[in-house]
Amino acid sequence: MTDEKMTELFRRYKETGDIAIRNQIAEKYLYIADILAKKFVGRGVEYDDLKQVASYALLRGIDRFDPDLGMQFTTFITPTVTGEIKNYFRDKSRMVKLPRRLGELHAAAKKFAAEYEAKYGEKAKVAQIAQGISASEEEVVKALEIGGTISLDSMAGSDDEGENKSLYGLLGSGEDAYESFENKETLAAAMRDFSDTAKELIKYRYADGLSQSDTAARLGVSQMFVSRMERKLLEQLRERLKDAF
């Protein structure tokens, strides 16, 4: 398929959000995920696991890519996939320090969440992950938070029908969702004293879906800075929102 046709596919996907188009694009560039996964073989992680991480990063990259910025997709996606693989190794190293049960739950929850989003084009809720891996919602939240992943899936409370709400659900996805998020009185109040950098970090990570590495590049800071600041901001939000919903 020519570059012109691929650009048109990206535009159609950006306009429609059609998962079939996304999958068509993914098939074209799956070889990149394969190549990058193989580069990290031999470091204590099976190739199949690395390929899954790389493929998931590819799908997320397709979601974020703007064909009208004048950048080749291969140039855009290579550091994105590489960054996610490196993040996976960091997460895995943390698991060594966790109780075995918690580490296993974290791995299972993360795998289920990635497969669910790849299949349905939306993030899995805590309840869906819990059902999918035969665990309680409390166990899932604890495993994901301690593992350093999907922090905003921690529940903010329940609605009138008893449905658990997550901060991810309140944020939604995309620029419009973030603007909607800021316009909600309770959330705006919760972020009233956040710095501009803090608000940008939340936007990049949970409205735009950027990795910590990409967020750090946008903000012009280190990934460690993003990781520490993100953890602090989420603790503040959880505390401020625990009685709001």
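Quick note: the coordinates plus some simple rules give every number you see, no bench work behind them. Please read all numbers here as calculations on a predicted model, not as lab measurements. Positions of Cβ are backbone-derived with ideal geometry, glycine not excepted, and every protein chain shown enters the neighbour counts.
Observations on the structure shown:
- With distances taken between every two different alpha-carbon atoms, the stretch 1-127 has a Kirkwood hydrodynamic radius of 15.6 Å.
- Calculated FRET efficiency for the pair THR197/LYS86, C-beta based, R₀ 30 Å, to 0.05: 0.80
- Here the residues TYR206, TYR47, ranked from fewest to most Cβ neighbours within 10 Å of their Cβ, fall in the order TYR47, TYR206.
- Residue exposure proxy: GLU139, GLU200, GLU15, ordered by other Cβ atoms within 10 angstrom of their Cβ from fewest to most, comes out as GLU15, GLU200, GLU139.
- The label-point distance for GLU104 and LYS14, in a model that sets each label 7 Å from Cα toward Cβ, rounds to 4.5 nm.
- Under 9 Å, Cβ to Cβ, from GLN52 - net charge with Lys/Arg +1 and Asp/Glu -1: -1
- Burial ordering of VAL45, VAL141, fewest other beta-carbon atoms within 10 Å first: VAL45, VAL141
- Legend: residue pairs LYS110/LYS142; LYS28/LYS110; LYS5/LYS203, Cα-Cα distance threshold 21 Å; pairs beyond threshold, LYS28/LYS110; LYS5/LYS203.
- Percentage relative contact order, the stretch 1-96, counting C-alpha pairs under 8 Å, at least six apart: 28 percent
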